[in-house]
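Heads up: the structure comes next, in structure tokens.
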Amino acid sequence: MASVGIIDYGMGNLHSLGKALERVAGGTRVVTSYDPEVLLKCDRLVLPGVGGVRECMRELQRLELNQMVIEAARKKPMLGICLGMQVFLEWSDENGGVPALGLFPGKVTRFPDPPEDGGADRLKVPHMGWNRVHQTRAHPLWEGVPDDAWFYFVHSYHAEPACPDHVLGTSDYTKTFACALARDNLVAFQFHPEKSQNAGMTLLANFVQWDP
Amino acid sequence: MLAKRIIPCLDIDRGRVVKGVKFEDVQDAGDPVEVARKYDAQGADELVFLDITASVDDRPTLFQTVEAVASQIYIPLTVGGGVRSCADVRALLSAGADKVSINTSAVENPDFVTEAGDRYGVQCIVVAIDAKRVNKKKEPPRWEVFTHGGRRATGLDAIEWAKTMVRKGAGELLVTSIDRDGTKSGYDNELLAAISASVSVPLIASGGVGDLEHLYQGLATGGADAVLAASIFHQGTYTVGEAKQYLAGKGVRIRL
């Protein structure tokens with residue numbers, strides 16, 4: 001039986017992601033685990049994450065999951081969500097600067113802080129709420145998702161990929177930033193598909209079906 | 001750009017949605033999963049659950065409710081009421097809440113907000129502030145923070161407290177005007193504007209909505225990033241969809 005593994009390194013709420021994947025999985029089994037051996041047996045993997053990058057990388061290392069992720073990234077379809085996307089890059093400026101997994105060249109940087117006295121209309125950080133996602137190129141994961149569909153975001157840092165070809169989608173908040181990345185068998189979203197109602201369910205269903 | 005959010009708020013008592021005016025005349029208003037599903041279908045951007053169950057013995061019932069809703073509704077869910085420790089935060093997040101709302105215990109121990117934010121990420125820590133106007137007539141406006149459902153004065157200035165809470169790690173503020181709550185006369189937009197201009201995190205307006213123009217004023221005059229309402233949706237006066245159409249018609253950026 002085909003399976004999708006959720007990498008559980010102890011940070012954040014995996015409940016809604018697990019439920020959302022189960023809802024769209026069809027005949028695919030959903031496995032949540034922190035055991036590298038269990039996860040390597042899954043056909044595809046999801047790296048979720050909320051919280052700070054330093055703690056995230058520390059936990060991935062402590063559970064010996066970072067090498068597993070790098071190994072799996074060579075062959076399995078893998079999806080990074082939110083902080084899970086950010087650690088796919090080489091470096092994050094968060095927590096004073098932390099080296100990450102380096103699956104995509106580039107780094108993660110913070111949105112500019114709003115001015116103290118800029119009035120109520122200034123853009124606040126975190127970028128929290130529903131924003132439109134512009135699809136910059138075709139990809140099997142966009143199948144059935146309208147261009148400029150709304151997705152739910154919660155983050156203060158965003159990816160700056162070094163290679164423009166890796167950008168799959170962008171969003172606008174203080175500037176245009178990459179909120180979806182893809183190369184080969186890897187895909188990553190800054191927004192939360194598991195919290196983005198129908199458009200999000202379609203993306204997850206596409207990931208479960210994806211045969212890169 | 002980011003859309004303004006419309007957030008129905010559900011009061012939960014022992015696993016049921018209840019409605020009442022200022023905690024009095026509480027009536028059963030249905031099964032949380034059914035009510036949540038209805039608002040989700042209407043286009044709610046998020047949901048807030050406030051647990052008003054008096055007894056801590058009934059806490060497991062809340063976790064079951066959160067789990068039942070979170071397994072069927074794929075929009076963000078905030079849960080508040082009686083959140084006192086990191087264990088409470090963890091239990092709610094594990095049950096499927098995306099954010100927790102902290103009120104009284106933030107006043108009792110401000111460092112709890114920092115601790116919870118460090119451990120679970122500031123994006124899931126909402127600090128709820130219940131504020132009441134305390135200036136005399138002809139004095140400049142001043143608001144004080146109250147706890148325990150608005151019954152206990154704290155001596156804290158609401159604007160200063162909002163800044164303190166953001167410094168301590170609140171990812172979002174939910175500001176309720178005690179004066180307006182239940183009155184259907186609109187948000188205290190002066191309070192909202194004063195807080196919105198003083199902090200850098202998103203602000204949810206709460207307390208006093210009676211019609212759709214009140215929602216608009218909370219965003220336009222109050223400078224809120226999201227508007228919360230209970231009775232106009234529960235009583236069926238308006239659907240969330242009608243509220244969104246109204247705001248979009250006024251030029252507010254809304255997810256339709």
- Taking the range B:213-241 and the residues there that are outside any helix (DSSP H, G or I) and within 14 Å of the chain's Cα centre (by Cα), the one that is farthest from A:VAL125 (Cα to Cα) would be B:ALA230
- Query: So is B:THR114 in contact (Cβ under 8 Å) with a residue 40 or more places away in the chain and farther than 29 Å from B:ASN189 by Cβ or not?
  - Reply: yes
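Results for (1) crowded, with 19+ Cβ neighbours inside 10 Å; (2) among the hydrophobic types (A, V, I, L, M, F, W, C), shown as yes or no for each residue.
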site	(1), (2)
B:GLU160	no, no
B:ASP179	no, no
B:ASP188	yes, no
B:VAL201	yes, yes
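Out of the residues in the range B:162-177 that are assigned to a helix (DSSP H, G or I) and within 14 Å of chain A (Cβ to nearest Cβ), state the one that is most open to solvent (accessible area, probe 1.4 Å).
B:ARG167
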- Message: Among the residues that make up the range B:138-161, is at least one of them within 14 Å of chain A (Cβ to nearest Cβ), within 29 Å of B:ASP40 (Cα to Cα) and of a type in the set (Val, Ile, Thr)?
- Response: no
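So which residues in the range A:1-58 are of a type in the set (Lys, Arg), within 12 Å of another protein chain (Cβ to nearest Cβ) and within 20 Å of B:GLN123 (Cβ to Cβ), if there are any at all? Give the derivation first.
Restricting attention to the range A:1-58, the residues satisfying the condition of being of a type in the set (Lys, Arg) are A:19, A:23, A:29, A:41, A:44, A:54, A:58.
Within this subset, residues satisfying the condition of being within 12 Å of another protein chain (Cβ to nearest Cβ) are A:19, A:23, A:54.
Passing the criteria: A:LYS19, A:ARG54.
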- Task: Taking the options B:VAL66, B:VAL107, name whichever one is at pLDDT 90 or above and within 14 Å of another protein chain (Cβ to nearest Cβ).
- Result: B:VAL66
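Name the residues in the range A:168-185 that are away from chain B (no Cβ under 12 Å) and either surrounded by 21 or more Cβ atoms within 10 Å (Cβ to Cβ) or not hydrophobic (A, V, I, L, M, F, W, C) (or both), would you? Talk me through it step by step, then tell me what you get.
Restricting attention to the range A:168-185, the residues satisfying the condition of being away from chain B (no Cβ under 12 Å) are A:168-170, A:177-185.
Residues satisfying the conditions are A:LEU168, A:GLY169, A:THR170, A:ALA178, A:CYS179, A:ALA180, A:LEU181, A:ALA182, A:ARG183, A:ASP184, A:ASN185.
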- Only one of (1) touching a Lys or Arg at 6+ places or on another chain (Cβ under 9 Å); (2) within 14 Å of another protein chain (Cβ to nearest Cβ); (3) part of a helix (DSSP H, G or I) fails for A:HIS158. Which number is that? (3)
- Query: Of the residues A:PRO146, A:PRO212, A:PRO164, which is open to solvent by 60 Å² or more (accessible area, probe 1.4 Å), over 16 Å from A:VAL108 (Cβ atoms) and in contact (Cβ under 8 Å) with a residue 60 or more places away in the chain?
  - Reply: A:PRO212
- the range B:142-158 - residue that is open to solvent by 10 Å² or more (accessible area, probe 1.4 Å) and not in a strand (DSSP E or B) and, of those, farthest from A:HIS155 (Cα to Cα): B:ARG151
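The values are calculated or read from the model by the stated rules, or taken from the named source; none is laboratory data. The model shown is predicted, which means the values in this text are computed figures rather than measured ones. Glycine also receives a Cβ, built like all others from the backbone with ideal geometry; neighbour counts cover every protein chain displayed. Ligands, DNA and RNA are stripped out before the accessible areas are found, and what is left, the full protein with its side chains, is counted by its heavy atoms. Shrake-Rupley method; radii C 1.70, N 1.55, O 1.52, S 1.80 Å.
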